[in-house]
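A short reminder: the numbers here are calculations on the coordinates, not readings from a lab. Just so it is clear, the structure is predicted and the values come from calculations on it, not from any experiment. Positions of Cβ are generated from backbone atoms using ideal geometry, with glycine treated the same way; all protein chains shown enter the neighbour counts.
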Amino acid sequence: MNSINNRPNNITELLERAQQIAGFTLQQVAQLNGLNAPENLRKKKGWIGQLLELHLGASAGSKPIQDFPELGVELKTIPINQQGKPLETTFVCVAPLTGNHGVTWQTSNIANKLQKVLWIPVLGEQEIPVAERIIGSPLLWQPSDEENAQLKQDWEELMDMIALGKVENITARHGKYLQLRPKAANNTIRTKAYGSEGQIIKVLPRGYYLKKAFTHQLLKNHFAI
DNA sequence: ACTTGATCATTT
DNA sequence: AAATGATCAAGT
């Protein structure tokens, strides 16, 4: 009774499917899909996310679209400890470093991705074997006005620096809730960006990440209701 | 202890 | 190279 080749028809179906595996271990879900959990995630960093995509019926692949385009939903797994505190930041999307003329927060790719997110917390402390990690209750989230404003403010600061050719001066310390960090296979990878004179330069690709304080806040808001 | 910067696998 | 899925691990 797994869900291979079986996409949910609506958000209710998707939520039901996610709720059904709350309390399951990763190995249980892996077995439902004919897989086995790896020893560790060192060389399988995206494994949990891909397992949940498979089980819930998301379209696979690396297309730059939402996981459930028909439903307008993005799927994110998030590792938490027993207290519900995120153990890692959350990658959202690659940051375009050129061609951002006229793009506003409202029209940005990142805001689009964060419109509606199905969060699936997973107890993920490193001392727990991957196979034994427990899946938590899913949370279908849409940013509140306040959360949207928080992200917009950080995004505008970062985007200003990118547009002004200062991308190499940006560190993970910029932004209170949204940060820009390297996103590449290794530090020899390069992509186009603007230099300080407006010329094209080659830099390490960057991605937008939600800091733990932000995701912790939204998880708490939900489970406090 | 915690965050920042680096890295791993896979697909297109 | 660029996008997806993220976590690792060095440095502070």
Report task. Return the long-range amide H neighbours of A:LEU75 (sequence gap of 5 or more, or a different chain), with a cut-off of under 5 Å between placed amide H atoms. Result -> A:ASP67, A:PHE68, A:LEU118
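Only bridges with both residues in chain A count here: give the DSSP antiparallel percent, nearest 5.
Values: 20 of 27 bridges.
The answer is about 75 percent antiparallel.
So what's chain A giving for Rg/Rh, alpha carbon basis, Kirkwood Rh from the mean inverse pair distance?
Numbers: Rg = 18.3 Å, Rh = 18.7 Å.
Ratio of gyration radius to Kirkwood radius: 0.98.
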Query raised in the report: Cα axis of helix A:11-20 to longest principal axis of chain A: angle in degrees, 0 to 90, nearest 10?
Result: 60
**Report entry** Nonlocal amide H pairs with A:LYS183, under 5 Å, H built at 1.01 Å
**Finding:** A:ARG206, A:GLY207
Report task. Determine, for each peptide in A:38-48, A:8-18, the mean count of other beta carbons within 10 angstrom over its residues, then list the peptides with the highest first. Result -> A:8-18, A:38-48
**Report entry** Taking the range A:118-179 and dividing mean pair separation by its residue count, relative contact order in percent (alpha carbons under 8 Å, at least six apart)
**Finding:** 27
Report summary line: When the charge dipole of chain A is computed with +1 at the Cβ of Lys and Arg and -1 at the Cβ of Asp and Glu, the Cα pointing farthest to the positive end, of A:LEU54, A:HIS222, A:GLN126, is that of A:GLN126
Query raised in the report: Could you give the angle, 0 to 90 degrees to the nearest 10, between helix A:212-223's Cα long axis and the longest principal axis of the Cα atoms of chain A?
Result: 40
Query - Gain upon complete extension [A:LYS166, A:GLN153; 0.36 nm per residue less C-alpha separation] - result: 2.9 nm
Requested in this report: Place +1 on the Cβ of every Lys and Arg and -1 on the Cβ of every Asp and Glu in the range A:27-70, take the dipole about the Cα centre, and give the residue among A:ASN40, A:ALA30, A:PRO64 whose Cα lies farthest towards its positive end.
Outcome: A:ASN40
Query - Furthest towards positive pole of dipole, A:THR98, A:TRP141, A:THR77, structure part the range A:67-225, Cβ charges - result: A:THR98
**Report entry** Derived scalar couplings ³J(HN,Hα) [the range A:35-42; Karplus, 6.51 cos²θ - 1.76 cosθ + 1.60; whole Hz; x for Gly, Pro]
**Finding:** 10, 10, 6, x, 4, 8, 9, 3
Query raised in the report: For the range A:171-177, what does the Karplus curve 6.51 cos²θ - 1.76 cosθ + 1.60, with θ = phi - 60°, yield as ³J(HN,Hα) per residue in whole Hz, taken in order and with x for Gly and Pro?
Result: 10, 5, 7, 6, x, 7, 10
Query - For the range A:13-55: rounded, prolate or oblate by the Cα gyration tensor [a/c cutoff 1.5] - result: prolate
**Report entry** Electrostatic dipole magnitude of chain A [Cβ: Lys, Arg +1; Asp, Glu -1; Cα centre; debye, to 20]
**Finding:** 620
Query - Restricting the range A:64-171 to trypsin sites (Lys or Arg not before Pro) in coil, as DSSP defines it, with at most 16 other Cβ within 10 Å - result: A:LYS166
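Rounded, prolate or oblate, given the Cα gyration tensor of the range A:106-225, with a/c below 1.5 counting as rounded? Provide the component values of the computation, followed by the final result.
On the way: a/c = 2.75, a/b = 1.57, b/c = 1.76.
In terms of gyration-tensor shape, oblate.
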Requested in this report: With r as the distance between the Cβ atoms of A:GLU70 and A:LYS176 and R0 = 41 Å, compute the FRET efficiency 1/(1 + (r/R0)^6) and round to 0.05.
Outcome: 0.75
